[in-house]
Amino acid sequence: MLTLQNWLSFYEKNYKFVGRVIGRFYGEDGLPTPELTQAEAMMTKGLEANKQELIEKQRFPPCNAEWSFIRGSRFWCSQQSGGVSRDWIGVPRKLFKPGVKPYCVCVRTTGPPSDQLPENPTHRNRGDLDHPNLGEYPGCPPLAITCSVPL
């Protein structure tokens with residue numbers, strides 16, 4: 001649906017409107033059908049999901065990664081990993097989300113958690129390390145910015 005939204009935006013921006021095609025989305029009277037209303041609602045949900053994904057990517061940027069047939073996988077964090085610029089490096093962690101295979105993200109190791117509420121100023125100065133959806137890579141030091149996972 002987001003691809004359809006992108007096409008609609010492209011045509012609305014670059015072409016002059018001349019009419020509607022009668023069929024699935026517009027009736028013979030030129031009015032929108034319930035299917036168009038449903039499609040627009042799905043596009044809106046998709047755009048909102050994209051916004052949430054960008055917010056999460058700022059909080060948990062993807063790790064840099066490389067794979068070798070001989071050495072296996074290596075994950076590491078930098079101030080640019082995942083295409084997200086920030087003033088911290090972080091450490092590699094597996095992020096677990098329902099319905100998605102765990103993947104590597106960089107996690108802040110100091111300061112308050114990202115989701116800390118202002119009315120609860122106490123924290124353990126561990127950044128987001130205590131987030132319940134994160135897991136360490138076995139065999140990797142807890143605060144290492146690079147982690148190798150052999151085959």
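FYI, it's all coordinate maths here, none of it is from the lab. These numbers come from a predicted model, not from an experiment. Please note: Cβ atoms are built from the backbone with ideal geometry, for glycine as well, and neighbour counts cover all protein chains shown.
Within the range 132-151, the residues that satisfy the criterion of being surrounded by 16 or more Cβ atoms within 10 Å (Cβ to Cβ), touching a residue at least 60 places away in the same chain (Cβ under 8 Å) and part of a loop (DSSP other than H, G, I, E, B) are Tyr137, Ile145. Within the range 53-73, can one find any residue that is farther than 30 Å from Gly23 by Cβ, of a type in the set (Gly, Ala, Ser) and free of Cβ contacts under 8 Å to residues at least 24 places away in the same chain? Yes: the range 53-73 contains one or more residues that are farther than 30 Å from Gly23 by Cβ, of a type in the set (Gly, Ala, Ser) and free of Cβ contacts under 8 Å to residues at least 24 places away in the same chain.
Under the condition of being closer than 17 Å to Ser85 by Cα and not hydrophobic (A, V, I, L, M, F, W, C), which residue from the range 48-73 is farthest from the chain's Cα centre (by Cα)? Applying the filter and picking the extreme gives Asn64.
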